[in-house]
Ligand code: GLA
């Protein structure tokens, strides 16, 4: 049976390092993504990539995904280990997402492979499975934002996600606005970064204070460790900025939305310490460009991309202009239930 699966990457407009704290964010699925196209059958998963030279060739009873070579195959192995499929796949993977820039190329690969391998279930269930696969593949205890955004994308809308319930609400993107993603020139190395350390610090704060939401910011004074206090301040204030941003988007107040993005960047830089000098310079320059409402680093930080909210054309041909796209999807062609159209 032939299969064609597609999963978008994502850009996060606001709300970083809040997902694993049961907080809030407003990401959107973008019109760059990953396609898996081929034939279901056999007892191995054999994938060629248009971006990487070496193919991936795995048995269905794959061992430790982290031992798989080439490295891009680890995400495939993570999915195979989670799904334990009884039938294999021979397919080609193609992606328009730049790798290592923080636009969730790994989540898009996970979702497209899971769908091609026959995943059945809700978008939320798909996201949970793919997040577990990512943990197995990379060893990084990532949250679920990337996978959930790819699984639940809505055309022309950003998504307000509440990570305490995994509820996703579409927030239409105002008219006459452009969302541009600009690479800082420094690739992100999430696995070797301090992501896990940040998450652990946030967990210490949650243990002592409870949910880092809807409480006065003074409550963080109860935390003894100044670093943990800073991390908690970021999460708490970022959650309020997300609420303000979604409200501003709903009424088309782009100035307010942009201001909140700039505050978010400051907080990620000063309190959460995940920015880099290159990202700071980039965000400062973008924010000072006429027609730009706001800009910030997007995703985990430690390199990667910034996102800017601007008037159409304000940044010329710099970066990628991205549009909000729909959710990951799959077509089975020529199978017994769904005859070729
Ligand atoms: C990475 C993780 C996400 C999220 C962001 C930061 O993209 O995969 O789960 O934590 O960093 O917001």
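Since every read-out is calculated from the coordinates, none of them should be taken as a lab result. These numbers were taken from a predicted model, which means no experiment stands behind them. Ideal geometry is used to build each Cβ from the backbone, glycine not excepted, and the neighbour counts take in all protein chains shown.
Structural remarks
- Residues (in a loop (DSSP other than H, G, I, E, B) and surrounded by 16 or more Cβ atoms within 10 Å (Cβ to Cβ)) located in segment 204-237: 212, 213, 223
- Qualifying positions in segment 124-143 - in contact with a helix residue (DSSP H, G or I) (Cβ under 8 Å, 6 or more places away or on another chain) and either more than 16 Å from the ligand (Cβ to nearest atom) or outside any helix (DSSP H, G or I) (or both): 139, 140, 141, 142, 143
- The condition of being within 30 Å of residue 155 (Cβ to Cβ) and within 13 Å of the ligand (Cβ to nearest atom) holds for only one of 198, 188, that being 188.
- The listed residue being on the phi > 0 side of the Ramachandran plot and surrounded by 15 or more Cβ atoms within 10 Å (Cβ to Cβ), out of 88, 73, 100, 78: 100
- Only listed residue being assigned to a helix (DSSP H, G or I), touching a residue at least 12 places away in the same chain (Cβ under 8 Å), crowded, with 16+ Cβ neighbours inside 10 Å and out of contact with any helix residue (DSSP H, G or I) (no Cβ under 6 Å at 6 or more places or on another chain), chosen from 268, 260: 268
- Identity of the residue in segment 34-51, buried (at least 24 other Cβ atoms within 10 Å of the Cβ) and away from the ligand (no atom under 16 Å from the Cβ), that ends up nearest to residue 272 (Cα to Cα): 36
- Qualifying position, being within 16 Å of the ligand (Cβ to nearest atom) and either closer than 30 Å to residue 319 by Cβ or part of a strand (DSSP E or B) (or both), among 70, 98: 98
- Some residue of segment 150-173 being in contact with a strand residue (DSSP E or B) (Cβ under 6 Å, 6 or more places away or on another chain), in a helix (DSSP H, G or I) and within 12 Å of the ligand (Cβ to nearest atom): yes
- Condition broken by residue 82, with the remaining ones in (1) out of contact with any strand residue (DSSP E or B) (no Cβ under 9 Å at 6 or more places or on another chain); (2) away from the ligand (no atom under 13 Å from the Cβ); (3) more than 19 Å from residue 138 (Cα to Cα) satisfied: (3)
- The number of residues in segment 1-29 being over 22 Å from residue 283 (Cα atoms) and within 10 Å of the ligand (Cβ to nearest atom) comes to 4.
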